[in-house]
Amino acid sequence: MLVSVKSLRKLVDLKDLTANDIALKLTFAGIEVEEIQTLASGTNLVIGQILECVDHPDSDHLHVLKVDLGNTYGIEQIVCGAPNARKGLKVIVARVGAKLPGGTISKGTIRGVESNGMCCSLSELGVDKKYLTDYQLAGIEELADDALIGNEDVLGYLNIDDTILDIKVLANRPDLLSLFNVAKEVGALFNRKVNLPILSDKGIEESQFRG
């Protein structure tokens, strides 16, 4: 049973608990959590827009970009090798100091040109490659026109700010195949209030079938 921690938080007050806290409590209660998977991760991320894209003077595949990061961070120069980098594109930018699954982004000089940050693909944020197209894997992620320049909640905007618990459901606990029941279990273990939606039968018409 795969359980979204983000969805669980909508049903139970878990604001001061981590996914690890929840998994540990469940496991010690006899409900084994086999794996904890983070969909994506990254700090110092921001949505930017490429204002200028020119060829690198000393490379046949690199581009030198001017990227608008919004009012807080202004315009930065970034060297990028993605084939789909182009003027007007809205992109995910990892600023200098950003911590990504592959390491920390630092200010550098690439073939004599200063680079302050990195334009990212989703795979560089840790998204499993099996969920991405070949086009996405080949370049940087292309954001929709409605992406807000300067928005720092990038993972939230993309709806990948989630952690998944893989719960091993035993034969004696088939009730845990329901998210609502997992929420009740977690609420009981942590003594937290559970807020399940109230379902209404309003609008359901009486059956006209006659046997």
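The values are calculated or read from the model by the stated rules, or taken from the named source; none is laboratory data. In this text the structure is predicted, and so the values were computed from the model without any measurement. Note: ideal-geometry Cβ built from the backbone for every residue, glycine included; neighbour counts use all protein chains shown. We work out accessible area using only protein heavy atoms, side chains counted, and drop any ligands, DNA or RNA first. Shrake-Rupley method; radii C 1.70, N 1.55, O 1.52, S 1.80 Å.
A few remarks follow.
- Residue within the range 60-71 that is farther than 21 Å from Glu142 by Cα and either at pLDDT below 95 or among the hydrophobic types (A, V, I, L, M, F, W, C) (or both) present: yes
- Residue count for the range 7-42, restricted to those that are open to solvent by 20 Å² or more (accessible area, probe 1.4 Å) and touching a Gly at 6+ places or on another chain (Cβ under 8 Å): 4
- Here Ile47 clears all of (1) surrounded by 19 or more Cβ atoms within 10 Å (Cβ to Cβ); (2) part of a helix (DSSP H, G or I) except the condition numbered (2).
- The range 75-108: number of residues that are surrounded by 19 or more Cβ atoms within 10 Å (Cβ to Cβ) and under 19 Å from the mean Cα position of the chain (by Cα): 9
- Per-region count, the range 51-74, residues in contact (Cβ under 8 Å) with a residue 60 or more places away in the chain and open to solvent by less than 20 Å² (accessible area, probe 1.4 Å): 2
- Residue that is of a type outside the set (Lys, Arg) and within 24 Å of Tyr135 (Cα to Cα), where the choices are Ala29, Ala23, Ala40: Ala40
- Looking across the range 129-142, the residues that are out of contact with any helix residue (DSSP H, G or I) (no Cβ under 8 Å at 6 or more places or on another chain) and either modelled with pLDDT of 95 or more or of a type in the set (Gly, Ala, Ser) (or both) come down to Thr133, Asp134, Tyr135, Ala138, Gly139, Ile140, Glu141, Glu142.
- For the range 109-128, a residue qualifies if it is closer than 15 Å to Ile140 by Cβ and open to solvent by 70 Å² or more (accessible area, probe 1.4 Å), and exactly one does: Glu124.
- Among the residues making up the range 38-93, those that are more than 30 Å from Lys6 (Cα to Cα) and in contact with an Asp or Glu (Cβ under 7 Å, 6 or more places away or on another chain) are Leu51, His63, Leu65, Lys66, Val67, Ile75, Gln77, Asn84, Lys87.
- Subset of the range 136-160 (residues that are open to solvent by 30 Å² or more (accessible area, probe 1.4 Å), over 18 Å from Asp68 (Cα atoms) and without any contact (Cβ under 8 Å) to a residue 12 or more places away in the chain): Asn159
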